[in-house]
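Below: the structure, in structure tokens.
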Amino acid sequence: MVNTRTGHVIRSAVAVLLMVSASAQLLGDDSQSTRRKPYALSDGMDLQARKDGGLFPIVGFSKKRIVITRNGTRDPLSTKSEISYALRRKMSSKWVDMKIVETESFNYELQAQLAAYSNALSQLDRNENLEAGGRIDVGENGIEGRNHDGRQVTPGPLAIGMNGQRPPEEYKLLIKELEDKLFNPDVLANALRVVLDLETKVPTKGVYLVLIARVDSPATEPDSRPLIQVVGQLEPDKKRTVKAVFKDLPAGFSLLDLDIHIYSRGDEIPWEGSSGLKMLSEDEAFEYSLGRYKDSKGKVEPVLFRPLPSAAITSFLSEKEILEIQAELFVYPDGSARVSSINTDDRPLSDKLAGILEDVRFIPAIEDGEPTLSTVSLKLSSLIY
């Protein structure tokens, strides 16, 4: 059993639940977003996978693999790999507006049968439309058809009853019986459908969700069931609807709690339902981060706290130039920065970048528990988001 608060191992069966959603939709309240403080502090979850005896951070999921980062590289792993997690407080300036639209319990086998019968009936209807104006002959190879211009066609396996399929009336009767069963409260549910609406203000790549449903049933103890839902890329201000399905739940289960974590390439993004959520101003977030680093022993190097928006740089520099340019900066005890040098002979460009880069802010170097002056040398690409 996995406990969402104190447990450490998400069973390897999470791989069986791994699924892809090609389309999803993100929705939020703009008025709430404008009033929201810029930083969010919440109870986050770090995902890890085991390889060669070690645990490595997970930075992505796809239909066929898990992606970890190890020694500066990204390595693919099988979806059958054991996944574990560690809980910790996280702070982020990123945000996703997400809303749980619906949670629905249902019987998975009955639902699958209903879908199969409905598809078969639809196929029969389509074939009837295709055959309109033609005729059906019985040839040497069995049943053949001719369309309105005389060309020979062979009907598909669901086309007519003579091919071994049920007649439409029987499909309609079966569908009606299944619908009655699905709405019968005595039929025990064994699956859970979760529908989510989400929205983001910036392009967000490599998005996936970790959903943990805590369920109970008459025949089992309360249990936590994890599900990985791959979403993909989210575009700004474009609603996407994500549908996730938990299968093989205890018969007659009831949903006790639903915990959802959102990730983009390994970075967790908070939302209004994040556990322990607290919104912070920039100064509050800075003081919180500074306090954590002051508790560190020995000397701690500066850490970037407020990067530059990419638009401030990409409007006049190419991606190649951004990767090539490096800057040395003085970082002061209050976290402010001043450019010492930039590796370019273009003086106007150097002056322009110096002015822009002084908007970044760092958690300063800490020595013996106190902030101190330091210097850092960083690529321009590492100073923007």
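Read the figures in this text as sums done on the coordinates, not as results from a lab. Every value quoted in this text rests on a predicted model; they were computed, and no experiment measured them. All Cβ positions, glycine included, derive from the backbone under ideal geometry; neighbour counts span all protein chains shown.
In what sequence, highest mean first, do 56-63, 274-281 appear when ranked by Cβ atoms within 10 angstrom?
Top to bottom by mean Cβ count within 10 Å: 56-63, 274-281.
What is the gain in length, in nm to one decimal, between GLU235 and LEU349 on full extension, counting 0.36 nm per residue of separation less the C-alpha to C-alpha distance?
37.9 nm
Local charge sum around ASP52 (other residues, Cβ-Cβ under 11 Å, Lys/Arg +1, Asp/Glu -1)?
+2
Return the inverse of the average 1/r over all pairs of distinct C-alpha atoms in the stretch 201-318, which is the Kirkwood hydrodynamic radius, in Å to one decimal.
Value: 18.3 Å, from the Cα pair sum.
Using Cα-only point scatterers and the Debye equation, what is log10 of I(q)/I(0) for the stretch 329-385 at each q in 0.22, 0.25, 0.28 Å⁻¹, rounded to two decimals?
Relative scattering, expressed as log10 I(q)/I(0), comes to -0.85, -1.02, -1.18.
Taking amide H positions as placed in the peptide plane 1.01 Å from N, state which residues far from LEU280 in sequence (5 or more) or on other chains have amide H under 5 Å from it.
TYR39, ALA40, LEU41
What per residue convex hull volume, in Å³, comes out for the stretch 281-383 when only alpha-carbon positions are used?
90 Å³
Could you compute the net charge surrounding LEU255? Neighbours are other residues with a C-beta less than 9 Å from the C-beta of LEU255; K and R count +1, D and E count -1.
Combined, the nearby Lys, Arg, Asp and Glu give -1.
Which of the aspartates and glutamates could a cross-linker bridge to LYS294, judged by Cα under 12 Å and excluding same-chain residues fewer than eight apart?
In chain and number order, the partners are GLU367, ASP368, GLU370.
What's the FRET efficiency of LYS64 with SER93 using the Cβ-Cβ distance as r and R₀ = 35 Å, to the nearest 0.05?
According to the calculation, E is roughly 0.60.
What is the Cα centroid distance between the stretch 306-328 and the stretch 61-86, reported in whole angstrom?
Rounded to whole Å, the Cα centres lie 30 Å apart.
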